[in-house]
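Down below is the structure, laid out as structure tokens.
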There are 4 protein chains.
Amino acid sequence: MAPKIVDREMRRMEIAGAAGVLFGKYGFDKVTIDDVAEAAGIGKGTVYEYFKNKEELIHGAFEIMLSHMGTEIEKSVDLTLTPLEALKSSTYAMVDVLEHVGEQYGFFLEYMLLLNRGKGNLALLQNMFQEYRSMIAGLLEAGIDAHQVRSDIDTASVAAAFAAWLDGAIFHWMILPTPGMKTMATAFWDAFVQGVALKREE
Amino acid sequence: MAPKIVDREMRRMEIAGAAGVLFGKYGFDKVTIDDVAEAAGIGKGTVYEYFKNKEELIHGAFEIMLSHMGTEIEKSVDLTLTPLEALKSSTYAMVDVLEHVGEQYGFFLEYMLLLNRGKGNLALLQNMFQEYRSMIAGLLEAGIDAHQVRSDIDTASVAAAFAAWLDGAIFHWMILPTPGMKTMATAFWDAFVQGVALKREE
Amino acid sequence: MAPKIVDREMRRMEIAGAAGVLFGKYGFDKVTIDDVAEAAGIGKGTVYEYFKNKEELIHGAFEIMLSHMGTEIEKSVDLTLTPLEALKSSTYAMVDVLEHVGEQYGFFLEYMLLLNRGKGNLALLQNMFQEYRSMIAGLLEAGIDAHQVRSDIDTASVAAAFAAWLDGAIFHWMILPTPGMKTMATAFWDAFVQGVALKREE
Amino acid sequence: MAPKIVDREMRRMEIAGAAGVLFGKYGFDKVTIDDVAEAAGIGKGTVYEYFKNKEELIHGAFEIMLSHMGTEIEKSVDLTLTPLEALKSSTYAMVDVLEHVGEQYGFFLEYMLLLNRGKGNLALLQNMFQEYRSMIAGLLEAGIDAHQVRSDIDTASVAAAFAAWLDGAIFHWMILPTPGMKTMATAFWDAFVQGVALKREE
DNA sequence: AATGAATGAGAATTCATTCAT
DNA sequence: CATGAATGAATTCTCATTCAT
């Protein structure tokens, strides 16, 4: 019945993907709809067939980015290890991932700005944060059960603090690449897990 | 030396300050030179007497912001305390400061984008990071000397990781205000100082 | 002859009719081909199967409008009355009609503009004017024969002036609804007819 | 104090005037802001210094047109004549004026459309209509006092009908130039005056 | 020095029209 | 015949920057 068979959802993703790459490289404001159309290999008007306006485009691109990251997070956990080991290896895996998406980082910041201005789909990012925190909290609880982790900690808060560190680290690393992420991760892991105090307060 | 020069520098600061507030509230691209001029109580053309173009304006505004933060950092350290106590109180003080500059956060992100695109005065921010790290590293070393802190840590790397955490925390808190900064800071500090492991690895 | 042709013509009218309503309500430029297609319950491309372009569409819509008006004009004349009574009742009938097509008035103006720019089917409208004038002139001549109307008038010119009044009245009424069409028509009729009548009505 | 002395009101009029001419010739939608700027001998952006958007421009142009017409109306009345003679000469003068502003007629229609769509400054045009009606009503009343005009007419309604006629005539003349305005005016005047005059002219 | 009028490059968006299916 | 996806020409409007006063 339809005269032209086009997988609209697929096409939408393609366009948003092309846009995301450009946004990451040059920034939202510097990228014109013409640029996006050219990168996607379509006409300018066609972009508007799939996205009402430029803002919808950045939302679409962001969704794609988040879903990629969600996949990476899931892949990072190795369930064959002990809880603490799993947390450690997951953290290193995430550091690895983030180190390689530097190009996307600009786009990520860009979207944070949108959120900061009250536009943007905040819930989407909150969900990702929540999920990451839950995963960490889960490992910490498993660690308590396995007598690897102190039982007097508030796992939710500790997980939140832990997750925050990861984003802070990538941020600092973007600004100041020394010491490397690996070094920082090791130092953090050591201090966080072992504590820096000479003695435990009893 | 001549009073004119001082006046000129003062006026420059005023303009950049007004610009900074606007940039923080509405974003660099949304703020027009007209807006800045009006906020500074001068004519549009006059802005160009003090700043070559709009980009110089954002650099000026960022410098002011950083110098404010530098002042806050310095004020946050209480030298009458023991090293670890000083680090703790400084951290809480910084959390306090950051919690109250949320409005500026958009502008901060904005400038990060500039840096990410290769524009912007990267060194300025790097210096601030370095100074903050040095301060922390100094406290850690004093802590070692005072037998409060394990002597086997790499103070520079740990300081870097510590500083990163602070920025990650404010970032996460902007996105997901639960649990509050205070709770996260407490959880982090506890883990950092005490470690989360049930036992120290020997 | 072939039923297909009839169907085609019917469909053409449907589309033009739908377009006319929209043009009247929102104006030619504000109405998109998509709007017309939707209103006609067909696909956008199908409109082009029946009309070469958007301009043809407005011509088609105008033709329909004119043919409606032509019908109304014909219906307005009651041949059982004396010539002057027929002219009077016809005028009141037309006033009635026009008062109720206010919605179409915008479209009418729109088409006048097309004509003014040298586009548009001028002859069509001229014919309608001519026919209306002829009808009035005919009644005036019958009036002369019936000794109801002064024989020294130029019936053609008087008919033209009379017809013009009707359009002027509706126009003024659109802009300034006071006094109502009825009041104006009565005043006009009184002034106009008392002048052309052979004898004053006492 | 102001660095550049420009009579803003004067400039505004110039621009609106240039725009009005173009609107009349080619129609509102066909005229681009670039066209207006070029015709006014200024840059595109400058138009926006004086008019918020294209719509404001048409309002400005219309105001100028109306004020021109108002002037013409005032000039058309010769107070040295008897009331009826004054009305007659004024009517012929208006016919003369209108015959020569045919070029503006398209623009006039255009604005009528704006009014029809609920935009546009309706009151402006209503005032002009009112004033014209008042002038005519005044002459009619003077005519009654001078025993030139029947005292049993409703001067306000007759004046409204009279004014409407003028606009209808110009409209019909635009569409169908035969018979000429003069001929139609004569026919109308003859019918009108013979009807309202206290006595028939012999 | 200070100003704000003038400018035009540049960008988002719309929509009539085409054409492959 | 019918369709609607694709297109790009065209248009409005913004705003950083210049410069005469």
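The values are calculated or read from the model by the stated rules, or taken from the named source; none is laboratory data. Here the structure is a predicted model, which means the values were calculated and not measured. We place every Cβ from the backbone using ideal geometry, glycine too, and count neighbours over all the protein chains shown.
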Original post:
Is the stretch D:9-22 home to any residue that is touching a Gly at 6+ places or on another chain (Cβ under 9 Å), within 21 Å of D:His172 (Cα to Cα) and away from DNA strand F (no atom under 16 Å from the Cβ)?
Top reply: no
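Looking only at the stretch A:30-48, count every residue that is within 6 Å of DNA strand F (Cβ to nearest atom) and hydrophobic (A, V, I, L, M, F, W, C) and tell me the total.
Residues of the stretch A:30-48 within 6 Å of DNA strand F (Cβ to nearest atom): A:42-46.
From the residues that got through so far, the ones that are hydrophobic (A, V, I, L, M, F, W, C) too are A:42.
Residues in the stretch A:30-48 being within 6 Å of DNA strand F (Cβ to nearest atom) and hydrophobic (A, V, I, L, M, F, W, C): 1 in total.
Before we move on, is C:Lys75 among the basic types (Lys, Arg) and under 30 Å from C:Ile136 (Cβ atoms)?
yes
Test of understanding: among C:Lys4, C:Lys75, which residue is modelled with pLDDT under 95 and either under 20 Å from the mean Cα position of the chain (by Cα) or more than 10 Å from DNA strand F (Cβ to nearest atom) (or both)? So that I can check it myself, show each step before the final result.
Working: C:Lys4 fails: either under 20 Å from the mean Cα position of the chain (by Cα) or more than 10 Å from DNA strand F (Cβ to nearest atom) (or both).
Within the list C:Lys4, C:Lys75, the selection yields C:Lys75.
Check whether at least one residue in the stretch C:22-29 is within 14 Å of chain D (Cβ to nearest Cβ), more than 14 Å from DNA strand E (Cβ to nearest atom) and in a helix (DSSP H, G or I), and report yes or no. Break it down into steps so the answer makes sense when it comes.
Filtering the stretch C:22-29 for residues within 14 Å of chain D (Cβ to nearest Cβ) gives C:22-29.
Those still in the list that are more than 14 Å from DNA strand E (Cβ to nearest atom) too: C:24-25.
Now drop any that are not in a helix (DSSP H, G or I), which leaves C:24-25.
For the stretch C:22-29, residues within 14 Å of chain D (Cβ to nearest Cβ), more than 14 Å from DNA strand E (Cβ to nearest atom) and in a helix (DSSP H, G or I): present.
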Subject >> Where D:Tyr132 falls short, out of the listed (1) farther than 17 Å from C:Ala169 by Cβ; (2) in a helix (DSSP H, G or I); (3) within 12 Å of another protein chain (Cβ to nearest Cβ) >> reply: (1)
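Can you confirm whether D:Met65 is more than 10 Å from every other protein chain (Cβ to nearest Cβ), part of a helix (DSSP H, G or I), of a type outside the set (S, T, N, Q) and over 29 Å from C:Ser157 (Cα atoms)?
Numbers: more than 10 Å from every other protein chain (Cβ to nearest Cβ): yes; part of a helix (DSSP H, G or I): yes; of a type outside the set (S, T, N, Q): yes; over 29 Å from C:Ser157 (Cα atoms): yes.
Criteria met by D:Met65.
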**OP:** Only residues that are at pLDDT below 85, assigned to a helix (DSSP H, G or I) and of a type in the set (A, V, I, L, M): list them for the stretch A:175-202, please.
**Re:** A:Val193
Subject >> Some residue of the stretch B:149-159 being facing chain A (nearest Cβ under 7 Å), crowded, with 18+ Cβ neighbours inside 10 Å and among the hydroxyl-bearing types (Ser, Thr, Tyr) >> reply: yes
Original post:
Would the stretch B:160-178 turn up any residue that is buried (at least 16 other Cβ atoms within 10 Å of the Cβ) and more than 10 Å from chain A (Cβ to nearest Cβ)?
Top reply: no
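Limited to the stretch B:73-85, what total is found for residues that are within 14 Å of another protein chain (Cβ to nearest Cβ) and in a helix (DSSP H, G or I)? Working first, answer last.
If we filter the stretch B:73-85 for residues that are within 14 Å of another protein chain (Cβ to nearest Cβ), which is where we start, we get B:82-85.
Then drop every residue that is not in a helix (DSSP H, G or I), which leaves B:83-85.
Counting residues in the stretch B:73-85 that are within 14 Å of another protein chain (Cβ to nearest Cβ) and in a helix (DSSP H, G or I) gives 3.
When only residues in the stretch C:86-106 that are of a type outside the set (Asp, Glu) and away from chain D (no Cβ under 13 Å) count, which is farthest from DNA strand F (Cβ to nearest atom)? Spell out how you get there, then give the answer.
Within the stretch C:86-106, the subset of a type outside the set (Asp, Glu) is C:86-95, C:97-98, C:100-102, C:104-106.
So of that shortlist, the ones also away from chain D (no Cβ under 13 Å) come out as C:86, C:88-90, C:92-93, C:97, C:100.
Values: C:Ala86: 45, C:Lys88: 48, C:Ser89: 45, C:Ser90: 41, C:Tyr92: 44, C:Ala93: 39, C:Val97: 34, C:His100: 33 Å.
Here the residue is C:Lys88.
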**OP:** Within the stretch C:36-60, work out how many residues are surrounded by fewer than 17 Cβ atoms within 10 Å (Cβ to Cβ), within 11 Å of DNA strand E (Cβ to nearest atom), assigned to a helix (DSSP H, G or I) and of a type outside the set (Lys, Arg).
**Re:** 6
Original post:
Yes or no: C:Met174 in contact with an Asp or Glu (Cβ under 6 Å, 6 or more places away or on another chain), aliphatic (A, V, I, L, M) and closer than 26 Å to D:Leu113 by Cβ?
Top reply: no
Subject >> Enumeration of residues in the stretch D:39-70 that are at pLDDT below 95 and among the hydroxyl-bearing types (Ser, Thr, Tyr) >> reply: D:Ser67
Original post:
Looking at the stretch A:98-123, which of its residues are buried (at least 16 other Cβ atoms within 10 Å of the Cβ) and among the hydrophobic types (A, V, I, L, M, F, W, C)?
Top reply: A:Leu98, A:Val101, A:Phe107, A:Phe108, A:Leu109, A:Met112, A:Leu113, A:Leu114, A:Leu115
**OP:** Return yes when D:Leu109 is farther than 30 Å from D:Arg150 by Cα, without any contact (Cβ under 8 Å) to a residue 24 or more places away in the chain, within 14 Å of chain C (Cβ to nearest Cβ) and in contact with an Asp or Glu (Cβ under 8 Å, 6 or more places away or on another chain) and no when it is not.
**Re:** no
